[in-house]
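See below for the structure under consideration.
The values are calculated or read from the model by the stated rules, or taken from the named source; none is laboratory data. The structure displayed is predicted, hence computed values, not measured ones. Cβ placement follows ideal geometry from the backbone for every residue including glycine, while neighbour counts extend to all protein chains displayed. Please note that ligands, DNA and RNA were not included when accessible areas were found on the heavy atoms of the full protein model with its side chains. Shrake-Rupley method; radii C 1.70, N 1.55, O 1.52, S 1.80 Å.
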Amino acid sequence: MVTAAGQQSREGARNRIIRAAAALLSREGPEAVSTRAVAAAAGIQPPTIFRLFGDKDGLMETVAAFGLSKYLPAKDLLEATDDPLADLARAWDLHVEFGLCQPVFYALAFGQTRPGHVTAAGREAVAGLQQIMKRAADAGLLRMSVERATALMHANGTGVVFVLLGTPPDQRDPGLSAAARDNVLAAITGGVRRVEHPPSGIGHRATALREALQGCDASTLSDGERILLTEWLNRLADAD
């Protein structure tokens with residue numbers, strides 16, 4: 001049984017390790033973040049890291065989440081307006097700003113992807129983007145599925161950040177991010193900005209219907225029927 005004092009000591013060691021690893025990462029880059037160096041900086045023995053985080057990958061995942069801890073709440077606190085496309089644009093701008101201001105944490109969260117694996121912090125960021133995208137779909141603004149639109153915007157956003165980070169600051173194109181953002185928004189909407197009249201494209205209608213179904217009576221369709229209909233609507237939306 002873990003006592004309150006023992007739990008407090010465990011959390012204290014965990015926080016020291018995270019902050020020590022984050023400081024090493026910021027100061028010297030990812031190559032400097034070895035378990036031995038982190039342990040020395042945190043004033044603990046290396047086995048403690050493995051006991052608390054499982055392995056170095058587990059530690060780095062936690063450090064990535066620590067680095068994004070200022071970005072994700074700011075994204076969550078973006079006040080939703082009646083214009084989901086404007087909200088998507090603001091989310092894009094915040095994402096790019098974070099990447100340029102905190103490059104080592106950004107690279108840790110979004111640049112360490114392995115086949116079949118995305119960091120927990122990266123998944124959380126994409127989930128937040130998808131929630132805004134669902135609002136756009138519900139308004140009839142998307143001409144493709146929510147999943148494809150989210151992936152398209154995320155892929156282009158991260159690509160822009162890494163291109164800018166790889167360019168000397170004095171040679172960066174100041175209009176690149178805005179141009180890419182506007183092109184993505186045009187691609188996922190087909191150029192529709194507001195729905196004053198229902199869009200006639202099948203992609204818009206299929207995506208809007210799929211989102212509307214989320215709020216319908218669960219007894220209207222069986223689980224199998226709902227899954228099949230969702231698959232059909234996504235196929236229609238992405239083929240348009």
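The table below lists the values:
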| read-out | value |
| --- | --- |
| Near pairs, Cβ below 8 angstrom, 6+ apart or cross-chain, from the stretch 135-155 (farther than 18 Å from Arg90 by Cβ and in a helix (DSSP H, G or I)) to any residue that is open to solvent by 60 Å² or more (accessible area, probe 1.4 Å) and among the basic types (Lys, Arg) | Val146/Lys134 |
| Qualifying residue in the stretch 203-221 (condition: modelled with pLDDT under 95, more than 22 Å from Gln130 (Cβ to Cβ) and among the hydrophobic types (A, V, I, L, M, F, W, C)) | yes |
| Residue check for Arg194: basic (Lys, Arg), modelled with pLDDT under 80 and open to solvent by 50 Å² or more (accessible area, probe 1.4 Å) | yes |
| Positions within the stretch 15-40 being buried (at least 18 other Cβ atoms within 10 Å of the Cβ) and either free of Cβ contacts under 8 Å to residues at least 12 places away in the same chain or not in a loop (DSSP other than H, G, I, E, B) (or both), in sequence order | Ile17, Ile18, Ala20, Ala21, Ala22, Leu24, Leu25, Thr35, Val38, Ala39 |
| Residues (under 20 Å from Gly111 (Cα atoms) and open to solvent by less than 20 Å² (accessible area, probe 1.4 Å)) located in the stretch 129-157 | Leu129, Thr150, Met153, Gly157 |
| Filter result for the condition that a residue is touching a helix residue (DSSP H, G or I) at 6+ places or on another chain (Cβ under 6 Å), of a type in the set (Phe, Trp, Tyr) and farther than 30 Å from Gly191 by Cβ, over Phe110, Phe105 | Phe105 |
| Scope the stretch 107-124; condition under 11 Å from the mean Cα position of the chain (by Cα) and either over 10 Å from Ala65 (Cα atoms) or not in a helix (DSSP H, G or I) (or both); matching residues | Phe110, Val118, Thr119, Arg123 |
| Flag for Ala64 being assigned to a helix (DSSP H, G or I) and over 26 Å from His154 (Cβ atoms) | no |
| Verdict on Glu79 being open to solvent by 60 Å² or more (accessible area, probe 1.4 Å), of a type outside the set (Gly, Ala, Ser) and farther than 17 Å from Ala155 by Cα | yes |
| Given (1) buried (at least 21 other Cβ atoms within 10 Å of the Cβ); (2) within 30 Å of Lys56 (Cβ to Cβ), number of the condition Phe162 does not satisfy | (1) |
| Number of the condition not met by Ala178 [criteria: (1) open to solvent by less than 20 Å² (accessible area, probe 1.4 Å); (2) over 13 Å from the mean Cα position of the chain (by Cα)] | (1) |
| Residue tally, condition open to solvent by 40 Å² or more (accessible area, probe 1.4 Å) and over 20 Å from the mean Cα position of the chain (by Cα), over the stretch 181-191 | 3 |
| Gln102 among the polar types (S, T, N, Q), closer than 24 Å to Asn156 by Cβ, modelled with pLDDT of 85 or more and open to solvent by 60 Å² or more (accessible area, probe 1.4 Å) | yes |
